[in-house]
Amino acid sequence: MTRYLERRGKLPRQGDEQREDAPEPELLALIAAASVQSQGALAPDSPPPMARLGRRRPARPPPIPGSLCCEDEGFSLHAQVLVPAGERERLEHLCRYVARPAIATTRLALAADGRVVYGLRRHWRDGTSAVSFDPLTFIERLAALVPRPRVHQHTYHGVLAPAAAYRDLIVPASHAGLAASGVPTAGAAEGCPTPPRRPSTRRATWAELLKRVFAIDALECPHCRGRRKLIALISDGPVVRRILDHLGLPAEPPRLAPARVSEQLAFGAS
């Protein structure tokens, strides 16, 4: 992990301090490295960029990690969450947790001295209830969270990797597509499955996407439970409006509700 962070510029390489011809790292790499080390990148000679607030107490010993959990050198791995098939509410809760924003604006405040104070949802083991940043360091921390262009945010390993030979045996695929492509699914040698050839990929239809995301089968008739078939598609706007007006249906799309407006802090102009 340390070598990986050094290659990505998150940590300085060993021995780079003595090299005069070492290339100057880019700005985002400097900001990310300073964020990991709790330092300031753009104003290194300024006062402490981050301060802890709250009633300090002796640090409690770290909790003993449970099953399928581990902590090592500041990194934690939690692989105990399991969502059984069909548990849509638990799956939505997990997706909301993974896709939550980096900071909560409701816990963000501006102190009288101009520093940015961010309250913690739970106190740390040493009693810290909030952290304080100078404005420049706070902008640095936000910039460190911005992903670099063309960098994958999700990486799959093992049988779920893109080039894994057994991926097609794990990832669900339509039986019609496998049968049409003639993909073998198992071999007779010692009862082990044979790595299948990857079938030709196809784009999922809008009905399949609706069913996958919202669990709504748009091609199922609500009256007879039969399957609907697409007979014709009209994309000409004036013709569509005349048909809807003739049927007594609204010809204009519903008005979109405005996005929720979150309270923005009024930072002083510099």
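Taking the condition part of a loop (DSSP other than H, G, I, E, B), free of Cβ contacts under 8 Å to residues at least 24 places away in the same chain and out of contact with any strand residue (DSSP E or B) (no Cβ under 7 Å at 6 or more places or on another chain), does Arg122 pass? Yes, satisfied. Is there a residue being touching a Gly at 6+ places or on another chain (Cβ under 6 Å), of a type outside the set (S, T, N, Q) and either at pLDDT 85 or above or on the phi < 0 side of the Ramachandran plot (or both) anywhere in segment 130-143? Among the residues of segment 130-143, at least one is touching a Gly at 6+ places or on another chain (Cβ under 6 Å), of a type outside the set (S, T, N, Q) and either at pLDDT 85 or above or on the phi < 0 side of the Ramachandran plot (or both), which makes the answer yes. Being assigned to a loop (DSSP other than H, G, I, E, B) and touching a helix residue (DSSP H, G or I) at 6+ places or on another chain (Cβ under 7 Å) is true of Gly114.
Restricting attention to segment 115-150, the residues that are touching a Phe, Trp or Tyr at 6+ places or on another chain (Cβ under 9 Å), more than 16 Å from Gln39 (Cα to Cα) and small (Gly, Ala, Ser) total 1. Is it the case, given these coordinates, that Tyr97 is closer than 30 Å to Arg212 by Cβ and not in a loop (DSSP other than H, G, I, E, B)? In short, yes.
Given the conditions (1) over 25 Å from the mean Cα position of the chain (by Cα); (2) among the hydroxyl-bearing types (Ser, Thr, Tyr); (3) assigned to a loop (DSSP other than H, G, I, E, B), report the number of the one that Ser67 does not fulfil. Every condition holds for Ser67 apart from (1). Only one of the listed residues (Glu92, Glu87, Glu73) is farther than 30 Å from Phe214 by Cα and either surrounded by 10 or more Cβ atoms within 10 Å (Cβ to Cβ) or in contact (Cβ under 8 Å) with a residue 12 or more places away in the chain (or both). That residue is Glu73.
The values are calculated or read from the model by the stated rules, or taken from the named source; none is laboratory data. Predicted, not measured: the structure shown is a model, and the values here were computed from it. Positions of Cβ are generated from backbone atoms using ideal geometry, with glycine treated the same way; all protein chains shown enter the neighbour counts.
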